[in-house]
Amino acid sequence: MVAEPSPKITIGKFDFLPTAAMIRGKPPLEEWSEPLLAAIWCQRASPWWIGDLLNAGDARFGEAFSQACQGHVSSEMLQRYESISRRVPRENRRPSLSWSAHAAVARLPYNEQREMLKRAEERGWNSEQLRVKVREWIESQKNQ
């Protein structure tokens, strides 16, 4: 049985593998920024990519598609990616905020999501501070 080659992304002298970053040679300091920022960008963007792909695949292929990721990531995490991506529309997403910040507002109406995310961005709230503000907003709506 022949093993499939591992996927690899290469940026300059840096190879990104599923479980490691390999550095060829001794690149100077100025060559480190681009690959490091690319890795950080991928980490922040990947929950959205996974969630959007799951939602689009489910819409097109139904139940057959849901098995495409089985065994690669926990079903709970996949459901979370899918749910947050479905409930927070692309136009509400803010690249400067974490995926966790978006998860905090996912249960709010779309217009309120947009407003809360805007405030979080402007005021520098972290995801926990945003969760508190969301809970306060939900409580205020119950009292109306």
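Coordinate-derived values only; no laboratory data. All values reported here derive from a predicted model rather than from experimental measurement. Don't worry about glycine lacking a Cβ; one is built from the backbone with ideal geometry, like all the others, and counts go over all protein chains shown.
Here are the numbers for the structure shown:
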| item | result |
| --- | --- |
| Residue-averaged [θ]222 nm for the chain, counting only DSSP H segments that reach four residues, each worth -39500 (n - 2.57) | -18500 deg cm²/dmol |
| Inter-label distance, nm, simple model (7 Å from Cα along the C-beta direction), K13/N126 | 3.5 |
| Phi-based couplings in Hz for the range 48-58 (Karplus 6.51, -1.76, 1.60; Gly and Pro marked x) | 5, 4, 4, x, 5, 5, 4, 5, 5, x, 4 |
| For L37, L54, L29, order by how many other beta-carbon atoms lie within 10 Å, fewest first | L29, L37, L54 |
| Rotationally averaged projected area of the range 94-144 (alpha carbon convex hull; nm²) | 3.2 |
| Candidate lysines - alpha carbon under 21 Å from K13, same-chain residues fewer than 8 apart omitted | K26 |
| Cβ-defined net charge surrounding R90, 13 Å radius [Lys, Arg +1; Asp, Glu -1] | +3 |
| Cα centroid separation, the range 78-129 to the range 33-61 (Å) | 16 |
| Once the Cα gyration tensor of the chain is diagonalised, semi-axes √(5λ) in Å | 34, 24, 11 |
